[in-house]
Amino acid sequence: MNVICRNVSKFAPKFVIERSMKRIFQVFCGLLVAALSLISCLNSSDDSTTYYSDMAIKTFTLGTLNRYLHTTTSDGRDSIYKSTYTASSYKLNIDQLNHKIYSADSLLPNTDVSRVVCSVTTSNNGVVYVKSMTSDTLTYFISGSDSIDFTQPRIFRVFANDGSGSRDYTVSLAVRTMEKGTFIWTEADGADFPQDPNAWMQVIGKDGLTYIGSTRFESYALLYPDELFKSVDDAQTWTNDQLETSGSLLPRWNRAFVSWQLNANTDYALFVGYNSQVSDKAMTIWRKLVDSDCDGRWVYMPLDEDNPYYLPKMDKVSLVYFNKCVLAFCSDKNIYVSRDQGITWKKTSTYSFPVGCSSAFRVATDDDDNVWLTDTVSGKTWRGRLTK
């Protein structure tokens with residue numbers, strides 16, 4: 001027993017060491033196998049590229065554009081200068097059905113579209129080429145870098161990145177010939193001139209009354225020299241209208257009237273004309289707020305001697321309400337605009353008389369935002385509107 005015990009005590013450490021080394025070796029081998037397996041997995045990953053058959057333009061965006069504008073120097077010489085503007089906000093419509101791309105809104109006048117940098121994105125990395133303007137040659141397009149001449153519609157060809165086919169898009173850019181808000185006249189048929197619904201009342205001939213104009217709720221007539229009358233029943237009956245101050249300040253000669261709707265229940269009436277007792281240089285101005293539910297009165301708008309913006313005395317004045325302001329067409333062939341309902345008047349260059357019109361005319365507006373003017377001497381008629 002002692003021998004056995006000695007023998008066990010003699011060889012036990014060696015046995016334990018051998019078993020420990022074996023386990024360590026097994027663990028090391030396991031880690032090595034795992035590492036080799038991971039490397040094998042990484043090395044065996046699929047390096048092939050997935051190709052698609054998509055051939056569509058998804059977005060088309062314009063970059064910074066140049067404009068070449070005309071100006072006159074201080075010494076009277078003509079000069080051209082360049083300005084730039086960012087056109088990325090201009091929306092371009094993409095018609096995928098008809099394969100057309102076009103600007104939803106025209107670019108600013110005098111934009112140089114011969115050198116346009118644009119950015120294009122495609123579905124699943126389709127490749128874009130641009131067709132030559134003079135041949136069938138295709139040039140690889142670099143988005144956001146290449147400058148393209150759009151003085152005529154251009155063909156952008158998109159190739160699917162799997163090479164299965166291509167699609168052509170026709171891209172066109174429109175440039176406005178005039179700035180937005182430019183007022184232009186075109187000759188028109190005099191038969192289309194808006195008819196005044198109250199024309200039958202122009203000469204009332206009743207008790208010396210002279211018709212002035214109408215709102216939606218009332219009609220007005222002047223009993224020369226200092227009384228205003230109104231009718232609420234289409235001129236069947238007339239009653240004295242209320243005045244804030246003396247009727248001696250009412251317009252007496254070269255009179256004009258205009259009214260417009262302020263809201264569903266209220267109209268604004270403006271009555272102008274010349275009265276030598278008021279001023280020898282300016283027209284006198286009266287106004288009235290006409291409400292469907294209450295009885296208003298005419299208010300005199302006195303001339304402020306410190307205010308240089310008055311409506312000058314004229315032989316003839318015609319008033320229209322247009323583009324949220326009052327326009328006074330005057331016999332001196334100038335047009336004055338009031339943006340504060342008749343308080344101040346300024347000569348404007350935004351609006352002008354049609355070329356060839358005499359100083360005898362009549363003016364009206366229609367429901368489609370047009371101004372109509374007829375030369376009562378020549379009989380010519382023009383229709384004017386603001387460009388959009």
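Checked against the criterion of being part of a strand (DSSP E or B) and over 13 Å from Y300 (Cβ atoms), the candidates L222, L270, L228 yield just one match: L222. Among the residues of the range 352-385, those that are closer than 20 Å to W260 by Cα, in a strand (DSSP E or B) and open to solvent by less than 30 Å² (accessible area, probe 1.4 Å) comprise V363, A364, V371, W372, L373, G384.
Just one residue in the set T245, T210 is assigned to a loop (DSSP other than H, G, I, E, B) and open to solvent by 20 Å² or more (accessible area, probe 1.4 Å); that residue is T245. The single condition among (1) within 26 Å of the chain's Cα centre (by Cα); (2) part of a strand (DSSP E or B); (3) of a type in the set (G, A, S) that S349 does not satisfy is (2). Within the range 249-286, being in contact with a Pro (Cβ under 9 Å, 6 or more places away or on another chain), among the hydroxyl-bearing types (S, T, Y) and over 17 Å from E227 (Cβ atoms) holds for one residue alone: Y274. Cβ-Cβ distances below 6 Å connect the following pairs, each with a first residue in the range 138-161 that is without any contact (Cβ under 8 Å) to a residue 40 or more places away in the chain, a second residue that is part of a loop (DSSP other than H, G, I, E, B) and among the hydroxyl-bearing types (S, T, Y), and a separation of six or more residues or different chains: D149/S114; T151/S114. Look at (1) modelled with pLDDT under 95; (2) assigned to a strand (DSSP E or B); (3) open to solvent by less than 40 Å² (accessible area, probe 1.4 Å) and you find that L262 fails only one, number (3).
The criterion of being open to solvent by 60 Å² or more (accessible area, probe 1.4 Å), aliphatic (A, V, I, L, M) and out of contact with any Gly (no Cβ under 9 Å at 6 or more places or on another chain) holds for A191. Restricting the range 98-114 to residues that are open to solvent by 40 Å² or more (accessible area, probe 1.4 Å) and at pLDDT below 95, the residue that is nearest to Y140 (Cα to Cα) is A104. Kindly indicate whether L327 is of a type outside the set (S, T, Y), touching a residue at least 40 places away in the same chain (Cβ under 8 Å) and either in a strand (DSSP E or B) or touching a Gly at 6+ places or on another chain (Cβ under 7 Å) (or both). Yes.
Considering only residues in the range 118-150 that are more than 16 Å from I101 (Cβ to Cβ) and among the β-branched types (V, I, T), the one that is most open to solvent (accessible area, probe 1.4 Å) turns out to be T134.
Residues of the range 312-344 that are closer than 17 Å to T376 by Cα and either in contact with a Ser or Thr (Cβ under 7 Å, 6 or more places away or on another chain) or of a type in the set (F, W, Y) (or both): D315, K316, F329, S331, K333. Criterion first (within 20 Å of R216 (Cα to Cα), open to solvent by less than 10 Å² (accessible area, probe 1.4 Å) and not in a loop (DSSP other than H, G, I, E, B)) does V299 satisfy it? So V299 does not fit the description; no. For the range 302-315, the set of residues classified as in a loop (DSSP other than H, G, I, E, B), at pLDDT 90 or above and over 19 Å from A269 (Cα atoms) consists of Y309, K313, M314, D315, listed by residue number. Would you call V175 open to solvent by 40 Å² or more (accessible area, probe 1.4 Å) and either at pLDDT below 95 or over 30 Å from R362 (Cβ atoms) (or both)? Against the criterion (open to solvent by 40 Å² or more (accessible area, probe 1.4 Å) and either at pLDDT below 95 or over 30 Å from R362 (Cβ atoms) (or both)), V175 qualifies.
Applying the selection to the range 82-92, what residues are over 18 Å from I148 (Cβ atoms) and either touching a Lys or Arg at 6+ places or on another chain (Cβ under 9 Å) or surrounded by 15 or more Cβ atoms within 10 Å (Cβ to Cβ) (or both)? If the condition is that a residue be over 18 Å from I148 (Cβ atoms) and either touching a Lys or Arg at 6+ places or on another chain (Cβ under 9 Å) or surrounded by 15 or more Cβ atoms within 10 Å (Cβ to Cβ) (or both), then K82, S83 are the ones that fit.
The values are calculated or read from the model by the stated rules, or taken from the named source; none is laboratory data. Computed from a prediction, not measured in an experiment: that's the story for all the values here. Note that each Cβ is placed from the backbone with ideal geometry, even for glycine, and that neighbours are counted across all protein chains shown. These accessible areas exclude ligands, DNA and RNA; they are computed on the full protein's heavy atoms, side chains included. Shrake-Rupley method; radii C 1.70, N 1.55, O 1.52, S 1.80 Å.
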